[in-house]
Amino acid sequence: MTARLILASKSPARTKLLAEAGIRHSVLVSDVDEPAVVAAYGDIDPHDTSLLLARAKAEAVASLEEADGALVVGCDSVFEFDGEAHGKPYEPTVAIERISRMRGRSGVLHTGHWLVDTRDSGSGATIGAVSSATVHFGTMTDDEVHEYVASGEPLQCAGSFTIDGLGGAFIERVDGDPHAVVGLSISTLRSLLRAADVPITALWAGLPEL
């Protein structure tokens, strides 16, 4: 049994995670206006925001002709810190302010997942789940904060940090699924696929001959 999976995200970290887990997939990016989606739903918490945006991305891609007959998964990550939702900072001044507050403390990274089954003989499922993990940051000097931001890495990352890049040096530990911190929980994806009657083994790439 085989199936076709489309990742509705341009995140290199997410596609790398899938590839390293041996999961065949292609990438088709949505043109969802994230601020507009959130604004339309009013005041919602970071957990629900991550799921809302994941669903918007997955459903937008699933509606495209190129996605016919495929399973589409959308993901979105939102960092919750001091009761606030932190998406991508984009601007260095914003990243410096956030990271300066985060050092030596902890926050929760929520990654929403949404799966849409567009296969003619499929389950027709449109389902989602959130995987959350608490991230504990080490202390950072002012120079480390400024040099990390100057690298450009945190500007396009939810919460202004990564665990699988330069930012990993400043993370002391993670309580929960570390894949959720990268942006896609393989175990959560497996659970969604099972709910759609698709074993994750149906997406495994062929192993090389020995």
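Readers should treat all values here as calculations from the given coordinates under stated rules, not as data from a laboratory. Owing to the predicted nature of the structure, the values given are computational and were not obtained by experimental measurement. Backbone-built Cβ (ideal geometry, glycine too); neighbour counts: all protein chains shown.
Select from the chain the helices, each a whole stretch of DSSP H, whose alpha-carbon atoms run 30 Å or more along the helix axis and whose Kyte-Doolittle mean is at least 1.0; answer none if there are none.
The answer is none, since no helix passes both cut-offs.
Could you check what % of the DSSP bridge pairs in the chain are antiparallel, to the nearest 5?
85 percent
Please work out whether the range 98-140 counts as rounded, prolate or oblate from its C-alpha gyration tensor, where a ≥ b ≥ c are the square roots of the eigenvalues and a/c under 1.5 means rounded, while otherwise a/b larger than b/c means prolate and anything else oblate?
prolate
Run the Debye formula on the Cα coordinates of the range 159-202, all scatterers equal and no solvent, and tell me log10 I(q)/I(0) at q = 0.14, 0.16, 0.27 1/Å.
So the normalised log intensities are -0.44, -0.53, -0.91.
Checking the a/c ratio against 1.5 first, then a/b against b/c, what shape does the Cα gyration tensor give for the range 19-73?
Verdict is oblate for the range 19-73.
Find how much the distance from Arg101 to Ala19 grows on full extension, using 0.36 nm per residue of separation minus their present alpha carbon separation; answer in nm with one decimal.
26.1 nm
Efficiency by 1/(1 + (r/R0)^6): what FRET value for Val94 and Asp142, r their Cβ-Cβ distance, R0 = 22 Å, to the nearest 0.05?
0.85
What are the principal axis extents of the Cα atoms in the range 114-183, in Å, biggest first?
For the range 114-183, the Cα extents along the three principal axes come out at 56, 25, 14 Å.
Taking one equal scatterer on every alpha-carbon of the range 70-142, how large is log10 of I(q)/I(0) by Debye at q = 0.11, 0.14 1/Å?
Each listed q corresponds, in turn, to -0.42, -0.58.
What does the C-alpha gyration tensor say about the overall shape of the chain? Classify as rounded when a/c is under 1.5, otherwise prolate if a/b is larger than b/c, or oblate.
It is prolate, given that a/c is not under 1.5 and a/b is the larger ratio.
What's the magnitude of the charge dipole for the range 1-143 around its Cα centre, counting Lys and Arg as +1 and Asp and Glu as -1 at the beta-carbon? Answer in Debye, nearest 20.
Value, rounded to 20: 540 debye.
Only helical DSSP H runs with n ≥ 4 go in: add -39500 (n - 2.57) per run for the chain, normalise by residue count and round the 222 nm mean residue ellipticity to 500 deg cm²/dmol.
Per the formula, -9500 deg cm²/dmol.
Alpha carbon centre of the range 1-54 versus the range 69-88: separation in Å?
Taking the Cα centre of each part, the range 1-54 and the range 69-88 sit 8 Å apart.
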